[in-house]
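> Quick one: this structure, given as structure tokens, is what I'll be asking you about.
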Amino acid sequence: MQSRSNDPFELEAMTALRRDFHAHPELGFEEVRTSAIVAEKLEEAGIEVHRGLGKTGLVGTLKIGDGSRRIALRADMDALAMPELADRPYKSGTPNTMHACGHDGHTVMLLAAARHLARTKNFSGTVHFIFQPAEEGRGGAKAMVDEGFFKQFPVDAVYGLHNMPGLATDEMAVVSGPQLASSDSWTVTYRGVGTHGAKPHLGRDAVTAAAHFLAAIHTIVARVVDPLQPAVVSACALEAGDFKALNVIPDIVRIGGTARAYRADVRDQLELEIGNIARGVAATFGIEVDYEFLRRIPPVVNDGDATARALKAAQAATGRPVVTDFPPSTAGDDFAFFGAEVPGAYVWLGNGPAVDGALHHNSRYDFNDDAILTGARFWATLVEQELSA
Ligand SMILES: [Zn+2]
Ligand SMILES: [Zn+2]
């Protein structure tokens, strides 16, 4: 048996488990094997496990002492539907499924910290370890929240962590304010009156209306949103007519795109203004319009106090200066659904240099096992500091 004082986070076993998860990746809401192993390892350490919240999601609960404060730490477990192209001994054995975002590492780091905390019990209060399914666009966090996460497990703060190539494996970035953008989609459908291409006056032209709409939406970011607030409005799909019928003005034109922002009020503004332009152009051209704005993921915005606590834990865990000016990303993370309910902080942990240029979602990406110790130590330190006995 290994001496626990020399190896508080069971590094050898956890590294092997990380590679095992990498070799057996599972897509969102299909993390049956992964979550079963996590549940078993939590229960083995004496942690109470609640299964089946958000299908394959689970929550481990550790209550020590009589402290009344309750916090939640979140890891995601899912892989991506893509092939793994690098050769490594623990390469994915599942076709077109790969841990290309390092969630295999996130799962193991939180598990290592949970087991350590269950052994050492050096805090007073309640920790909920969230092992979330389906972060990669399939709605895992929303499913857990919709199924009553906060009712069953009320918490005062929630924390998330993501690996980041480019930072060293003993380096972290912890920044207050916006971290990740909201990620929403929208569609505009113009319904004109189709007619002969030679006789436009006999119809109502939805194609020309669409052209005006496409030009006008760029005035939202340029003229309506505060110039100091980042925002993106992009049209990404356009559907109308037929190249085999170039003498026909079609009835219907569909346009779709994405909208991103870092603040809730700017997000609201984008939803409102895209609709205003869609309807205004329809009125100008005397045609009908349907507008839909689909709210997918809110922005991740770090709370000031939660960030200060995470920063203190990151300093103690890494023993080196923490990066505090790391730029926000226009990517999204559905950790936002947890962070929208209670004060939260989402932090970055280095994954070392990008090997062969492979970044997140690249078919050669791999979580760096050297980061396991830093990540596990960060989680454990955060709990011991925030719920100090
Ligand atoms: Zn990802
Ligand atoms: Zn990810």
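The values are calculated or read from the model by the stated rules, or taken from the named source; none is laboratory data. Remember, predicted model here, so these are calculated numbers, not experimental data. With ideal geometry, Cβ positions are generated from the backbone for all residues, glycine too; neighbour counts draw on all protein chains shown. To get the accessible areas, we keep the full protein, side chains included, count just its heavy atoms, and leave off ligands, DNA and RNA. Shrake-Rupley method; radii C 1.70, N 1.55, O 1.52, S 1.80 Å.
> Kindly indicate whether Leu349 is under 17 Å from Cys101 (Cα atoms) and crowded, with 16+ Cβ neighbours inside 10 Å.
Considered against the rule, which asks whether it is under 17 Å from Cys101 (Cα atoms) and crowded, with 16+ Cβ neighbours inside 10 Å, Leu349 comes out as yes.
> Further question: Among what's in the range 5-25 and is over 28 Å from Thr120 (Cα atoms) and in a helix (DSSP H, G or I), pick the residue that is least open to solvent (accessible area, probe 1.4 Å).
The extreme case among them is His22.
> Open to solvent by less than 10 Å² (accessible area, probe 1.4 Å), in a loop (DSSP other than H, G, I, E, B) and in contact with a helix residue (DSSP H, G or I) (Cβ under 8 Å, 6 or more places away or on another chain) - does that describe any residue in the range 147-154?
The answer is no; no qualifying residue exists.
Yes/no per residue for (1) outside any helix (DSSP H, G or I); (2) open to solvent by less than 70 Å² (accessible area, probe 1.4 Å):
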{"site": "Val188", "(1), (2)": "yes, yes"}
{"site": "Ala198", "(1), (2)": "yes, no"}
{"site": "Val207", "(1), (2)": "no, yes"}
{"site": "Ala211", "(1), (2)": "no, yes"}
{"site": "Leu214", "(1), (2)": "no, yes"}
{"site": "Ile220", "(1), (2)": "no, yes"}
{"site": "Arg223", "(1), (2)": "no, no"}
{"site": "Leu228", "(1), (2)": "yes, no"}
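> Continuing with the same structure: In the range 26-38, what residues are surrounded by 22 or more Cβ atoms within 10 Å (Cβ to Cβ) and in a helix (DSSP H, G or I)?
Passing the criteria: Thr34, Ser35, Val38.
> Looking only at the range 39-56, how many residues end up being out of contact with any Leu (no Cβ under 6 Å at 6 or more places or on another chain), of a type in the set (A, V, I, L, M) and open to solvent by less than 20 Å² (accessible area, probe 1.4 Å)?
Selection size over the range 39-56: 2.
> What tally of residues in the range 326-346 results from selecting those that are more than 13 Å from ligand 2 (Cβ to nearest atom) and open to solvent by 10 Å² or more (accessible area, probe 1.4 Å)?
Of the residues in the range 326-346, 10 are more than 13 Å from ligand 2 (Cβ to nearest atom) and open to solvent by 10 Å² or more (accessible area, probe 1.4 Å).
> Of all the residues that make up the range 99-120, how many are within 12 Å of ligand 2 (Cβ to nearest atom), not hydroxyl-bearing (Ser, Thr, Tyr) and not in a loop (DSSP other than H, G, I, E, B)?
Number satisfying all stated conditions: 4.
> Let me ask something else about it. Can you tell which of Gly166, Gly93, Gly67 is more than 16 Å from ligand 1 (Cβ to nearest atom), in a loop (DSSP other than H, G, I, E, B), out of contact with any helix residue (DSSP H, G or I) (no Cβ under 7 Å at 6 or more places or on another chain) and over 19 Å from Ala336 (Cβ atoms)?
Working: Gly166 fails: more than 16 Å from ligand 1 (Cβ to nearest atom); Gly93 fails: out of contact with any helix residue (DSSP H, G or I) (no Cβ under 7 Å at 6 or more places or on another chain).
Residue meeting the stated conditions: Gly67.
> Another question, if that's okay. Any residue in the range 37-56 that is acidic (Asp, Glu) and in contact with an Asp or Glu (Cβ under 8 Å, 6 or more places away or on another chain)?
No, the range 37-56 contains no residue that is acidic (Asp, Glu) and in contact with an Asp or Glu (Cβ under 8 Å, 6 or more places away or on another chain).
> Is the range 260-273 home to any residue that is open to solvent by 60 Å² or more (accessible area, probe 1.4 Å), under 29 Å from Met172 (Cα atoms), small (Gly, Ala, Ser) and not in a strand (DSSP E or B)?
Among the residues of the range 260-273, at least one is open to solvent by 60 Å² or more (accessible area, probe 1.4 Å), under 29 Å from Met172 (Cα atoms), small (Gly, Ala, Ser) and not in a strand (DSSP E or B), which makes the answer yes.
> May I ask you to list the residues in the range 121-141 that are farther than 19 Å from Phe21 by Cα, crowded, with 18+ Cβ neighbours inside 10 Å and more than 16 Å from ligand 2 (Cβ to nearest atom)?
Phe123, Gly125, Thr126, Val127, His128
> Looking at the range 285-302, which of its residues are among the acidic types (Asp, Glu) and either open to solvent by less than 50 Å² (accessible area, probe 1.4 Å) or in contact with a Lys or Arg (Cβ under 9 Å, 6 or more places away or on another chain) (or both)?
Hits for the range 285-302 are Glu288, Asp290.
> Would you be able to say whether some residue in the range 306-325 is within 16 Å of ligand 2 (Cβ to nearest atom) and of a type outside the set (Asp, Glu)?
No, that holds for no residue.
> Pull up the range 368-389, narrow it to residues that are among the acidic types (Asp, Glu) and closer than 16 Å to Gly352 by Cβ, then point me to the one that is least open to solvent (accessible area, probe 1.4 Å). Quick ask: steps written out before the conclusion?
First, pick out the residues of the range 368-389 that are among the acidic types (Asp, Glu): 369-370, 384, 386.
Those still in the list that are closer than 16 Å to Gly352 by Cβ too: 369-370.
Values: Asp369: 23, Asp370: 107 Å².
The selected residue is Asp369.
> Give me the pairs, please: first residue somewhere in the range 156-171 and at positive phi, second residue anywhere and in a strand (DSSP E or B) and surrounded by 23 or more Cβ atoms within 10 Å (Cβ to Cβ), beta-carbon distance under 9 Å, and either six or more positions apart or on two chains.
Listed pairs, sorted by first residue: Gly166/Gly350.
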